[in-house]
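The values are calculated or read from the model by the stated rules, or taken from the named source; none is laboratory data. Computed from a predicted model, the values in this text were never measured in an experiment. Quick reminder, even Gly has a Cβ in these numbers, built from the backbone with ideal geometry, and neighbours come from all protein chains shown.
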Amino acid sequence: MTKKNNERINFANSKSANVATDFLDIQIKSFKDFFQLETRSDERVEEGLFNTFKENFPITDARSQFVLEFIDYFGHGRNRGFFIYMGMTFFSGLETIVVLYGAQLAG
């Protein structure tokens, strides 16, 4: 017959203190990496939001008469206080520049 080991381990007196993960810092870094708002448009890496725009543009209509082309996007970091005051998130300050033109002009 085998004997069971039912001794409990007490972690209350543990010497090593676990440092809590700073989830807000992780979220802010992820936000900055995804949006690349602090990076000049000609220096952006093709990942995150920039890559999403590049993969999904240009967009043509069903008859291929018009083309919507992505040019750039930027954020309003300088107006962050205004968006917070109005009850909006920082995401409200993102603008995109797109161009709509006739398809015959593209060729």
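Taking the criterion of being farther than 13 Å from Ile71 by Cα and in a helix (DSSP H, G or I), the residues of segment 36-48 that qualify are Glu43, Gly48. Look at (1) at pLDDT 80 or above; (2) over 29 Å from Leu100 (Cβ atoms); (3) not β-branched (Val, Ile, Thr) and you find that Lys15 fails only one, number (1). If you filter segment 26-81 down to residues that are among the aliphatic types (A, V, I, L, M) and in contact with a helix residue (DSSP H, G or I) (Cβ under 7 Å, 6 or more places away or on another chain), you find that the one that is modelled with the lowest pLDDT is Leu37. Any residue at all in segment 86-96 that's at pLDDT 80 or above, in a strand (DSSP E or B), β-branched (Val, Ile, Thr) and under 16 Å from the mean Cα position of the chain (by Cα)? Taking every residue of segment 86-96 in turn, at least one turns out to be at pLDDT 80 or above, in a strand (DSSP E or B), β-branched (Val, Ile, Thr) and under 16 Å from the mean Cα position of the chain (by Cα). Scanning segment 29-52 for residues that are of a type outside the set (D, E, K, R), within 10 Å of the chain's Cα centre (by Cα) and farther than 15 Å from Gly75 by Cα yields a total of 1.
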